[in-house]
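See below for the structure under consideration.
The values are calculated or read from the model by the stated rules, or taken from the named source; none is laboratory data. All values derive from a computational prediction rather than experimental measurement. Cβ atoms come from the backbone with ideal geometry, glycine included; neighbour counts cover every protein chain shown. Areas reflect the complete protein model, heavy atoms only, side chains present, ligands, DNA and RNA absent. Shrake-Rupley method; radii C 1.70, N 1.55, O 1.52, S 1.80 Å.
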Amino acid sequence: MLADTVIALLKEEISSTEYDRYIKQLKFSEKASNSDQMVFIAPNILIANWIKTRYCEKLSHLFELKTGKKPEIKIILKEHIKSTKSKSASVEIINDSIKSTKSTILNPSYTFDSFVVGSSNQYAYTAAKSIAEKPGIMYNPVFIYGPTGLGKTHLIHAIGNFCQNRGKSVIYATIEQFMNDFTYNLRNQSMDRFREKYRNCDVLLIDDTQFLSNKIQTQEEFFHTFNELHSAGKQIVLTSDKPPKMINGLEDRLKSRFEWGLIADIGLPELETKIAIIKKKCELDGISLSSDIINYIAANMGDNIREIESAIINLNAYASLMRQEITLDFAKNVMREQIKEKRDNISLEDIIATIAKDLNIKPSEIKSSKRSKNIVEARRIGIYLARTLTPNSMPSLASYFGMKDHTAVSHNIKKINELIISNESFKLRVESLKNKILTKDF
């Protein structure tokens, strides 16, 4: 069949993950197709919209290569197929079903099920899930903030996908896209079209709100958009890298409105959460990594989840191209440029400050003679990392930590090495602290 041949050609040009996740889900509708249009059936609107924006043009081109004629590609929804004698009526019904759900592009892989929950993001996740189930009722607006790459965009897309799957009209845009739309329509005297798009939806999702800073005209328009949607009981969700009150150059009236509802932060993920995220990513993308490699990546790649996911994809791609098995040594070699070490700039005070903050004790206690278990452990880790990450000699470390001589330093390092070998959890904690010191800007 012609459609099978075209799909096979497309399969050769995209990743196996993309094929399995999206293209494989399509079924060709011979009954609804003709020489002018080729119709495929998608199982849900998320996949339908994704394929419609990513692959329709490519599919049309591949059909043209085979037939000499470039057909229109229609993606239709399985649940909207109705028995009818008229092919055109069937296609019309289904096309209308896609058009009726107003939406910008959402990433269908960003769902609540694929989001890994830990103590650092539990509150934001719970809030996002609650408002997705009852948009415009529970909390409005919802403002999610936190450093780059920790999952804000994942959560906001998950809200959109959940709501869209329930028939809600969803608009997602970064604040940059909102500004570009505003500028374009203002210049072309088509503001009615702009307002129709952003003010006639059930759910408005705006990413990277911090970039509204000092954009006076855009802030004015966004203020009125916000008011109209809020007054109509429509759900508004915003993300930013900082809370509203910390966004400089943002009008007070916008700050106050952003604080009307619920504010949830996403913190830096703890080591266990990073390990779970890596395992989830590997599971979704069909990548096989041993526990040693997963632990190494989690402990050494920093806290930016987006960068961690990118590193995993690059590692797998490199192994595939080189036809190499992914071993721990192979992973270390491939990722050595991504794991940035800044040993030359690290001081003993930097090490002690990082350990103290992470273990919730005072820096002065690490250098004291106190013998409580948590302080002794922190002191030993401090000595070990100081010896590993700085050029200080054992006698100088003994002097710094108030010890009798270098043999006491040697004894502590020996104890730490024994624990690292025998206790995997302890080893990961030390590696995580080491990574925080190496990647921190002192």
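Okay, here's what the table says:
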| quantity | calculated |
| --- | --- |
| Those residues of the stretch 167-220 which are of a type in the set (Asp, Glu) and under 17 Å from ASP241 (Cβ atoms), in sequence order | GLU176, ASP207, ASP208 |
| Residue list for the stretch 225-246, filter: assigned to a loop (DSSP other than H, G, I, E, B) and either over 27 Å from the mean Cα position of the chain (by Cα) or among the aliphatic types (A, V, I, L, M) (or both) | ALA232, GLY233 |
| Number of the condition not met by SER288 [criteria: (1) open to solvent by 50 Å² or more (accessible area, probe 1.4 Å); (2) of a type in the set (Ser, Thr, Tyr); (3) not in a loop (DSSP other than H, G, I, E, B)] | (3) |
| Candidate set from the stretch 251-275 (those that are hydrophobic (A, V, I, L, M, F, W, C) and surrounded by fewer than 17 Cβ atoms within 10 Å (Cβ to Cβ)); member that is farthest from TYR125 (Cα to Cα) | TRP260 |
| The stretch 291-307: number of residues that are in a helix (DSSP H, G or I) and either open to solvent by 50 Å² or more (accessible area, probe 1.4 Å) or in contact (Cβ under 8 Å) with a residue 60 or more places away in the chain (or both) | 10 |
| Those residues of the stretch 137-151 which are open to solvent by 20 Å² or more (accessible area, probe 1.4 Å), under 16 Å from LEU238 (Cβ atoms) and out of contact with any Leu (no Cβ under 9 Å at 6 or more places or on another chain), in sequence order | THR148 |
| Criterion violated by TYR172 - all others in (1) touching a His at 6+ places or on another chain (Cβ under 8 Å); (2) at pLDDT below 90 satisfied | (2) |
| Tally, over the stretch 344-359, of residues that are over 15 Å from PHE426 (Cβ atoms) and modelled with pLDDT of 85 or more | 10 |
| Filtered residues of the stretch 310-334 (kept if part of a helix (DSSP H, G or I) and surrounded by 16 or more Cβ atoms within 10 Å (Cβ to Cβ)) | ALA311, ILE312, LEU315, ASN316, TYR318, ALA319, PHE330, ALA331, VAL334 |
| Lone unmet requirement of (1) open to solvent by less than 20 Å² (accessible area, probe 1.4 Å); (2) in contact with a helix residue (DSSP H, G or I) (Cβ under 7 Å, 6 or more places away or on another chain); (3) at pLDDT 75 or above; (4) within 20 Å of ASN161 (Cβ to Cβ) for GLN25 | (1) |
| Residue pairs meeting the criteria (Cβ under 6 Å; at least 6 apart or on separate chains; first over 20 Å from THR354 (Cα atoms), in the stretch 385-396; second open to solvent by less than 40 Å² (accessible area, probe 1.4 Å) and in a helix (DSSP H, G or I)) | MET394/VAL409 |
| Selection count, the stretch 44-76, where residues are open to solvent by 20 Å² or more (accessible area, probe 1.4 Å), over 22 Å from TYR172 (Cα atoms), of a type outside the set (Gly, Ala, Ser) and not in a strand (DSSP E or B) | 9 |
| Top-ranked residue in the stretch 398-416 [being in contact (Cβ under 8 Å) with a residue 12 or more places away in the chain and open to solvent by less than 60 Å² (accessible area, probe 1.4 Å); ranked as farthest from LYS357 (Cα to Cα)] | SER410 |
| The one condition in (1) of a type outside the set (Asp, Glu); (2) open to solvent by less than 60 Å² (accessible area, probe 1.4 Å); (3) part of a helix (DSSP H, G or I) that PRO395 fails to fulfil | (2) |
| Inter-residue pairs, beta-carbon under 6 Å, first of a type in the set (Val, Ile, Thr) and in the stretch 1-30, second in a helix (DSSP H, G or I), 6+ apart | VAL6/LEU62; VAL6/PHE63; THR17/ASP285 |
| Pick from the stretch 368-392, criterion within 21 Å of ILE346 (Cβ to Cβ) and outside any helix (DSSP H, G or I), ranking: most open to solvent (accessible area, probe 1.4 Å) | PRO391 |
| Matching entry among GLU365, GLU337, GLU349, GLU283 (being of a type outside the set (Ser, Thr, Tyr), assigned to a helix (DSSP H, G or I) and under 23 Å from the mean Cα position of the chain (by Cα)) | GLU283 |
